[in-house]
Amino acid sequence: MKQPWYAQRRFLRRLERLWAKLEQGVSLLTGQAFNPLYHLGTLAVILLVVLTVTGIYLTIFYRPGAERAYETVVAISNTFVGNLMRSIHRYAADALVIVALLHAFKMLVGDRFWGARWLAWVSGWLMLLLVFVIGVMGYWLAWDDRAQWLTEFSVNLVGGQVALAFYQPGAVERNFAFFVIILFLHVFLGVLLLGGLLVHVIRLSRPALFPPRWLTLQAVLVLVALALLRPAASGLPANFSRVVAQAEVDWLYLGFLPLASRYGVRGVVLGTAIAVGAVLALPWLAKGRSAAPIRITEHLCTGCALCALKCPYDAIEMVPRSDDASGFKVVAVVTESLCTGCGLCIGTCATTGVDLAPLPTQAVLDALTSHVREAQEPVVLFTCQRQAVLGTLPAEWVPPLTNGNALPPPVTTATWSHNGTDVPVVVCAFPCAGMLNPEWLRSLLSLNARAAVVVSCPTDDCSYREGPAWLAENVRLRRRLLEQPVFWVTTPPGNREALTRVLSKAAEAEVPPPAERLPRDAFERKAIWRQLRPPVRSLAAGLALLALAFFAGILPERTTATGFPPQAVVRVVMAHTPKLKVPADSEAAKLQTKLPEGVSATQILGGERYPVQLRLVVDGEIRLERTYEPSGLRREGSVTVVEQLRLPPGSHHVELWMMDDGQTWRQMVGRRVEVASYEVVTLAFDEEAGEFVVYNPLASQMQR
């Protein structure tokens, strides 16, 4: 089954049309040159910079350890600068997730995730996953009730020795290394993001890493405003002698905790793994088709290297020629795996020595020439597939596409009514407007074409990154062409009004004023990029839009119940090495004769150990009776036990029995305990003393 072309991926096109309407509405508010939605990728980078700066400040004053972590975070928040830094750090982290998801959605609906761009898609999602892990670790470092809930989730997922490190009384206070490791990973993984960013843009010739200065200023102002309006705050300190009943949860980072309470820890982990795997495999599961790769006609290539210079994806390089017949020293060579089929090289080549494989250049030129000659003084309209498919052009004007191996020339003739007169319009829709070669404009206008119109995407919103910019540069260098009726409009896709306005002027066949000959943003881009203060209208609208987007990071944070009923908990924790069953092998007797007194051969040789059996009786009712096998391939290791039972609040008589020798039950605990709602009574095994210790929070002491 053949893969579909751009226009035939209808579901994605519907989504892209909705997104284009959003961008069009934002451009009406801010002005096209100051639309923040055109800079989502670079906005994510500046948020990373903000997170780095504020994170360094917080790390300087943070002290790890269960006894100091919570207090130092609270102390930081009690100072104006510290609270401001912590709050900006918090909201920048949420804003980063929101901006990255919007950027990924735009790449998805714009069909910019497969083919030569699969690496950017996969690396971008891996970076977002890494950001998520780093953010979760940040909540861990605060060591409040959210960190406790996160720890309980991890314990339920991993179990074993990890559980003992938190559930045994006093274990957390002794687990200083845990906080050091989390702090190290929180910082070190952030450094890895730099490497991920380099991989993300490695296939771009001229990657834009930072947003315009005006957008950077707007983002920082919004973050500061949010930090002052609603400072970040800690919850209750973590306390494993109590169960977390509810906590303020940031759903962008900790939303999996309530889901795990409802659907189970393993269910959430499995669902997440499937979703991440599907997203990463999307470039191959939903692969489309493009006109790539380009083909170089070697005998027509003059070795000028303009195509290699202007390729946005480094898909062309110049290599020495294998023959000297042409008289030129180098020839262009295409790396097919990097080519996206934009056609910018075709718009640059003066000798028509470049073709798109399924869309031969000469066939396009012949079709254009034929349609122009057959029409009566037509207006020739050049645009890109994105503008044609997303509603800028009437549906009947869109050149047809097929599912065959070769595309028909993207040229058709339509009629447009102007002042009661039908004006023929020859429409040519390239993959990108940058594919238009200015020499074609000159030749078509020399025939009987009335005027030429170029409708392109904004310079900062080209699907192939640099199409309008390079086309504008190519046209500007041909001054005689600027003295002819060539009109140009840059607009978000779907703006039929912009098309109507430019066609009305083109129908008069007059030479357009300078403002309409070339896209303004193509040449003012650097000036706009450097500006700190956009026009007041754009500044106000941009701040409002960014505030709305970043404020979405606050909305997901709400007090969320853990799903635990108002009951008490009896927790049994044990790390115990039971008795050996038999010596490891027949050599034990011989070895015993060589050992000093008091040393057993079985201690050296090892061997299978007895399982541990526990029986918990509460108020005369057996609530737990289970056998735990020793660890190890030969069952020669220790036994780890972590069990939690719910009890109604009140006074209960608790008995705990244990068998670790295969024959004798021993009563380890037999006493009455008082428990309250959400309180935890812990029965912890003391390996050295060989007995259980009862820790009752209400009694505020440990009892044997």
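Every read-out reported here was derived from the displayed coordinates using simple, explicitly stated rules and does not represent laboratory data. Computed from a predicted structure; not experimentally measured. Virtual Cβ from ideal backbone geometry, glycine too; neighbours counted across all protein chains shown.
Below, the figures for the structure above:
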| quantity | calculated |
| --- | --- |
| Straight-distance crosslink candidates among aspartates and glutamates, where the alpha carbon sits under 18 Å from Lys310 and sequence neighbours closer than 8 are dropped | Glu336, Asp355, Glu439, Asp460, Asp461, Glu466, Glu473 |
| At R0 = 41 Å, FRET efficiency that the Cβ-Cβ distance of Val276 and Asp366 yields, to 0.05 | 0.25 |
| Degrees separating the helix 145-158 axis from the principal Cα axis of the chain, which is the longest one | 80 degrees |
| Burial ordering of Leu471, Leu257, fewest other beta-carbon atoms within 10 Å first | Leu257, Leu471 |
| Degrees, to the nearest 10: 80-109 long Cα axis against longest axis of the chain | 60 degrees |
| Mean-position separation - Cα centroids, the range 349-400 and the range 150-206, in angstrom | 55 Å |
| Relative contact order computed over the range 294-531 (Cα-Cα under 8 Å; 6+ residues apart), in percent | 18 percent |
| Helix 10-30 vs. the chain, principal-axis angle (Cα, 0 to 90°, nearest 10) | 80 degrees |
| The range 345-385 residues near the modelled Gln8 label - backbone nitrogen below 18 Å, point 7 Å along Cα→Cβ | 357-360, 385 |
| Net length gained if the chain between Lys329 and Leu236 were fully extended (0.36 nm per residue, minus Cα distance) | 26.2 nm |
| Simple spin-label estimate for Glu688 and Leu22 in nanometres, 7 Å along Cα-Cβ | 6.1 nm |
| J(HN,Hα) series, the range 498-513, from Karplus relation 6.51 cos²θ - 1.76 cosθ + 1.60, nearest Hz, glycine and proline x | 5, 5, 4, 5, 6, 5, 4, 6, 5, 5, 7, 6, 9, 5, x, x |
| Residues Ser261, Ser322 arranged by fewest to most Cβ contacts within 10 Å | Ser322, Ser261 |
| Cα gyration tensor, the chain - rounded (a/c under 1.5), prolate or oblate | prolate |
| Protection proxy ranking of 452-462, 418-428, 189-199 - average other beta-carbon atoms within 10 Å, highest first | 452-462, 418-428, 189-199 |
| Chain lengthening between Arg672 and Ala552 when straightened (0.36 nm per residue, less Cα-Cα) | 38.2 nm |
| Percentage relative contact order, the range 49-181, counting C-alpha pairs under 8 Å, at least six apart | 32 percent |
| Calculated FRET value between Glu173 and Val269, using beta carbons and R₀ = 22 Å, to 0.05 | 0.15 |
| Cβ-isolated cysteines (cut-off 4.7 Å), the chain | Cys301, Cys304, Cys311, Cys339, Cys349, Cys384, Cys428, Cys457, Cys462 |
| Using a Förster distance of 60 Å, the FRET efficiency for Ala225-Asp661 (Cβ separation, nearest 0.05) | 0.30 |
| Mean separation of Cα contacts under 8 Å, 6 or more apart, over the residue count of the chain: relative contact order % | 14 percent |
| Sequence-distant residues sharing a close amide H with His418 (under 5 Å, placed H) | Val423 |
| Shape of the range 31-285, Cα gyration tensor, a/c cut at 1.5 | oblate |
| Cα gyration tensor category, rounded, prolate or oblate, for the range 106-185 with a/c compared to 1.5 | prolate |
| Cα-based Rg and Dmax for the range 53-142, where Dmax is the largest Cα-Cα distance (Å) | 17.1, 52 |
| Helix-only [θ]222 nm of the chain, DSSP H runs n ≥ 4, -39500 (n - 2.57) each, per residue, nearest 500 | -13000 deg cm²/dmol |
| Per DSSP, loop trypsin sites (Lys or Arg not before Pro) in the range 617-669 with at most 14 further Cβ within 10 Å | Arg634 |
| For Met659, Met137, order by how many other beta-carbon atoms lie within 10 Å, fewest first | Met659, Met137 |
